[in-house]
Amino acid sequence: MNLLSYHSEGNFSVQGKKIIITGANAGIGKETAEVLAARGAHVTMACRDIRRGEDARAEILTRIPYARLDVAQCDLASLASVHAFAQTYREKHGYLYALINNAAVVTVKRESTEDGFEKMLGVNHIGHFYLTTKLLPLLNGKDNARVITLSSGAYKWGAIDFADPNLETFGIWKGYARSKLANVLFTTELARRLKASFVNAVSVHPGVTSTQIGVNRDTGVGQTIHDILRPLLKTAREGAQTSIHLASTRELVNGGYYYEGGKRQALKRPAMDPTLAKELWAWTEMEIGRRGFLNKNR
């Protein structure tokens, strides 16, 4: 597929627009960064591992030598790292067209973030929540700005249990589905709060995609299962198409919409609960505040 070919009447140029993509060193994030940079966007690749980020940037530049790509460290498992990234970005750029909350983790056993959150919820939801709220002042509705958060169809099997926020009764699927439900609920409440500003907020199911999510880089755990399933999965480039489309489409209206297969889809339970979305937002703010970050140099 020609990287410059995906233009239609419903899209506009991202030339010169500033975009942040989390987890942009591999998989869907890397493909999204390459295509948007090829179309002229100024992309910041927000990566946990700065070396992997620089390697990905160098690889993209071999194909797109004119690409405007910055690499910056942003470890979503650390509120301090998210805070430092957001502060530096705000001081350096002062403007943001699109934030693509792409990064995600799957853990095969219960792990905790630096701040004591169960890791899948901590990275997939809480880290992105904090990053988004720190960067909101840079988004301008007049520029058709947007926050795109990658979720999954797994949200349908998720449950938010405020009595067991750290998932002491751990299960891989239970934890992942919960974090993906949190992504959708976050988008719902974010859209409500941004309604007057005309900044768009949408969530995305990219499809079941062949990436290294769920594969332990140090031990290789999960690689065999991934290799067996690979022929049934979308490629990372295919999985990136909805994010790429939503970064450039004119059709967005701020309603917290959910997209799957490039099309808007109706949400299903339990994501259809605006009260739960508000409760999750309040809980997340409270937990971040308890760790001293909510009002830290906002």
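The values are calculated or read from the model by the stated rules, or taken from the named source; none is laboratory data. Just so you know, these numbers come straight off a predicted model, no measurement behind them. Backbone-built Cβ (ideal geometry, glycine too); neighbour counts: all protein chains shown. We work out accessible area using only protein heavy atoms, side chains counted, and drop any ligands, DNA or RNA first. Shrake-Rupley method; radii C 1.70, N 1.55, O 1.52, S 1.80 Å.
Odds and ends about this structure:
- Annotation: Leu185 fulfils all but one of (1) assigned to a helix (DSSP H, G or I); (2) at pLDDT below 95; the unmet one is (2).
- Failed criterion for Leu3 (all others in (1) modelled with pLDDT of 95 or more; (2) more than 25 Å from Gly94 (Cβ to Cβ) hold): (1)
- Boolean, Tyr66 is free of Cβ contacts under 8 Å to residues at least 12 places away in the same chain, over 15 Å from the mean Cα position of the chain (by Cα) and farther than 28 Å from Met120 by Cβ: yes
- A single member of Glu59, Glu111 is out of contact with any helix residue (DSSP H, G or I) (no Cβ under 6 Å at 6 or more places or on another chain) and among the acidic types (Asp, Glu), and it is Glu59.
- Output for region 181-202, where each listed residue is open to solvent by 10 Å² or more (accessible area, probe 1.4 Å) and either in contact with a Gly (Cβ under 6 Å, 6 or more places away or on another chain) or among the aromatic types (Phe, Trp, Tyr) (or both): Thr188, Ser197, Phe198
- Within region 125-172, the set of residues being open to solvent by less than 40 Å² (accessible area, probe 1.4 Å), hydrophobic (A, V, I, L, M, F, W, C) and in contact (Cβ under 8 Å) with a residue 60 or more places away in the chain comprises Ile126, Phe129, Leu131, Leu135, Leu139, Ile148, Leu150, Ile160.
- Residues considered: Arg250, Arg237, Arg178, Arg230. Of these, the only one that is at pLDDT 95 or above and either of a type in the set (D, E, K, R) or surrounded by 23 or more Cβ atoms within 10 Å (Cβ to Cβ) (or both) is Arg178.
- Test for Gly53: is it more than 19 Å from Gly23 (Cα to Cα) and over 14 Å from the mean Cα position of the chain (by Cα): no
- Any hit, region 158-176, residues being within 22 Å of Val199 (Cα to Cα) and either in a helix (DSSP H, G or I) or of a type in the set (Gly, Ala, Ser) (or both): no
- Inclusion of Thr107 among residues that are touching a Gly at 6+ places or on another chain (Cβ under 8 Å) and either among the hydroxyl-bearing types (Ser, Thr, Tyr) or modelled with pLDDT under 95 (or both) is warranted.
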